[in-house]
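The values are calculated or read from the model by the stated rules, or taken from the named source; none is laboratory data. Worth saying up front: this structure is predicted, and the values here are computed from it rather than measured. Here Cβ is always computed from backbone atoms with ideal geometry, including for glycine, and neighbour counts include all displayed protein chains. The accessibility values were calculated without ligands, DNA or RNA, using every heavy atom of the protein model including side chains. Shrake-Rupley method; radii C 1.70, N 1.55, O 1.52, S 1.80 Å.
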Amino acid sequence: MIEQKLNEFFGDAESTGFGTGWWSGILSAFFGFLSFGAVLCLHFPQLLSSPELRPHYPMHTMRVLIQCLIVAAIFFGVISSILRKKKILALTGMLLAIAATALGGSSVPINETPRGGLGIGLDWFLLDMFLMALIYVPLERLWPQYPEQGTFRNQWTLDVVYFMSTHLPLQILSFLVLLPATQATKYIGVPVLQELIARTPWLLQFFLAVVVADVAEYFIHLALHKVPFLWRFHAVHHSSKALDWIAGSRSHFVDDTLVRGFILVPLMLGFSQTIILAYLIFVTLHATWTHCNFGPNAKWLEKFLVMPRYHHWHHTSQKEGIDKNFAIHFPWIDKIFGTYYYPETWPERYGLDGEEIAPDFFRQTIDPFTGRKRTS
Ligand SMILES: [Zn+2]
Ligand SMILES: [Zn+2]
């Protein structure tokens, strides 16, 4: 519903190719939104920024970045309004950038003490959205496997809501909440094992950590598919009918928590905090990547490392791919356990096989607990 309204408000019937003013309009609106959000974070750091990240920001660089976003929003807005008949996107971007400037722009002083606060992770949401979109959207637009599937495909707003749901309540759910959890390495770590691993080269430690994490992920992922109660939660992740970088965000928080817990506990037994942190960054980038609508394949690499086509087969609704390819990093783990399926082609269909779940975030979050099936 909201998606339809957004499409009607911002979209038109013209071509969305390069040089039509569409992408400059999108960039203007996106950069305008980011700069406005960032200036709000400067004004209300206590409320809108996460205490975990706050002390680590290189503030000078962040301010330069905000300034660049404002300038870029205006620049692309001007280009788009010259090229395109419908100017809503360009106007939105420029208005947001002007509002950000009017509110003080990048030079807003930070008056509050840097500790404590409610800590809504608006800063983390904006920053991660910016980085991920910057890395993956160009790849998807330049080399898509499904060129007809646009960046703003069906249900994209639902996935943005999921993305928000794992970034805004940083205190409760997200990636960095696990940082304090990595402190537990001190308590549950096995010293002999830790020392043994710490003596090996850094790269080998990292590789070992990815192997350990992926084997752990394999078993919890298998359980999420095979145990009917757990499948209710994981079905949300499989409900995407089209995959791209942000489709990977669609995941029930119970699913996320289980998987992360399962991965972290064995890692904490033998690996240092630095290695665990490196793994968390790697898994975020790699898991996002495997959902991408990205066609090219490196034949020599795909046997060793999960590429988009491999994980796409995990998401197919075609019978031959159901309950296959549980590994998220190494295909050979599926080979060892007999769940490997990797034909030369791409799947034709994605989503749930004969099941339906509610289309909205709220019901998707509640229904798995109650077992209620979709009625409308
Ligand atoms: Zn799955
Ligand atoms: Zn997936």
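Applying the selection to the stretch 265-295, what residues are of a type in the set (Ser, Thr, Tyr), within 16 Å of Leu208 (Cβ to Cβ) and open to solvent by 40 Å² or more (accessible area, probe 1.4 Å)? If you could, list the steps in order and put the result at the bottom.
Step one: of the stretch 265-295, the residues of a type in the set (Ser, Thr, Tyr) are 272, 274, 279, 284, 288, 290.
Those left that are additionally within 16 Å of Leu208 (Cβ to Cβ): 272, 274, 279.
Across the stretch 265-295, the qualifying residues are Ser272, Thr274.
Residue check, Ile220 against (1) more than 26 Å from Met129 (Cβ to Cβ); (2) in contact (Cβ under 8 Å) with a residue 60 or more places away in the chain; (3) touching a helix residue (DSSP H, G or I) at 6+ places or on another chain (Cβ under 6 Å), all met but one. Which one?
Going through (1) more than 26 Å from Met129 (Cβ to Cβ); (2) in contact (Cβ under 8 Å) with a residue 60 or more places away in the chain; (3) touching a helix residue (DSSP H, G or I) at 6+ places or on another chain (Cβ under 6 Å) one by one, Ile220 breaks only (2).
Looking at this structure, is Trp313 open to solvent by 20 Å² or more (accessible area, probe 1.4 Å), under 29 Å from Arg363 (Cα atoms) and touching a helix residue (DSSP H, G or I) at 6+ places or on another chain (Cβ under 7 Å)?
For Trp313, the condition - open to solvent by 20 Å² or more (accessible area, probe 1.4 Å), under 29 Å from Arg363 (Cα atoms) and touching a helix residue (DSSP H, G or I) at 6+ places or on another chain (Cβ under 7 Å) - is not met.
Taking Lys324 as the residue in question, decide whether it is within 24 Å of Phe207 (Cα to Cα) and open to solvent by 10 Å² or more (accessible area, probe 1.4 Å). So that I can check it myself, show each step before the final result.
On the way: within 24 Å of Phe207 (Cα to Cα): yes; open to solvent by 10 Å² or more (accessible area, probe 1.4 Å): yes.
Yes: the conditions hold for Lys324.
Report yes if some residue within the stretch 183-198 is within 16 Å of ligand 1 (Cβ to nearest atom), out of contact with any Cys (no Cβ under 8 Å at 6 or more places or on another chain) and either assigned to a loop (DSSP other than H, G, I, E, B) or at pLDDT below 95 (or both); otherwise report no. Lay out the reasoning, then the answer.
Filtering the stretch 183-198 down to residues within 16 Å of ligand 1 (Cβ to nearest atom) leaves none.
No - not one qualifying residue is present in the stretch 183-198.
Return yes or no: is Glu344 open to solvent by 80 Å² or more (accessible area, probe 1.4 Å) and under 21 Å from Ala298 (Cβ atoms)?
So Glu344 passes the test.
What residue, among those in the stretch 296-315 that are assigned to a loop (DSSP other than H, G, I, E, B) and modelled with pLDDT of 95 or more, is farthest from the chain's Cα centre (by Cα)? Give the derivation first.
Taking the stretch 296-315 as the starting set, the residues that turn out to be assigned to a loop (DSSP other than H, G, I, E, B) are 296-298, 303-307, 315.
Filter again for modelled with pLDDT of 95 or more, leaving 305-307, 315.
Details: Leu305: 19, Val306: 17, Met307: 16, His315: 16 Å.
My answer is Leu305.
Any residue that is closer than 24 Å to Asn325 by Cβ and away from ligand 2 (no atom under 15 Å from the Cβ) - is there at least one of those in the stretch 241-256?
Yes, the stretch 241-256 has at least one match.
Name the residue that is farthest from ligand 1 (Cβ to nearest atom), counting only residues in the stretch 246-258 that are open to solvent by less than 20 Å² (accessible area, probe 1.4 Å) and touching a residue at least 40 places away in the same chain (Cβ under 8 Å).
My answer is Ile246.
Within the group Gly371, Gly338, which residue is in contact (Cβ under 8 Å) with a residue 24 or more places away in the chain and either exposed (fewer than 13 other Cβ atoms within 10 Å of the Cβ) or of a type outside the set (S, T, N, Q) (or both)?
Step by step, each of Gly371, Gly338 is checked, and only Gly371 is in contact (Cβ under 8 Å) with a residue 24 or more places away in the chain and either exposed (fewer than 13 other Cβ atoms within 10 Å of the Cβ) or of a type outside the set (S, T, N, Q) (or both).
Output the residue which, of all residues in the stretch 220-234 that are open to solvent by less than 20 Å² (accessible area, probe 1.4 Å) and more than 9 Å from ligand 1 (Cβ to nearest atom), is farthest from the chain's Cα centre (by Cα). Walk me through how you get there before you give the answer.
Kept after step one, since they are open to solvent by less than 20 Å² (accessible area, probe 1.4 Å), are these residues of the stretch 220-234: 220-221, 224, 233-234.
Within this subset, residues satisfying the condition of being more than 9 Å from ligand 1 (Cβ to nearest atom) are 220, 233.
Values: Ile220: 20, Phe233: 18 Å.
Checked the stretch 220-234; the qualifying residue farthest from the chain's Cα centre (by Cα) is Ile220.
Across the stretch 1-46, what is the number of residues that are part of a helix (DSSP H, G or I) and of a type in the set (Ser, Thr, Tyr)?
Within the stretch 1-46, residues that are part of a helix (DSSP H, G or I) and of a type in the set (Ser, Thr, Tyr) number 3.
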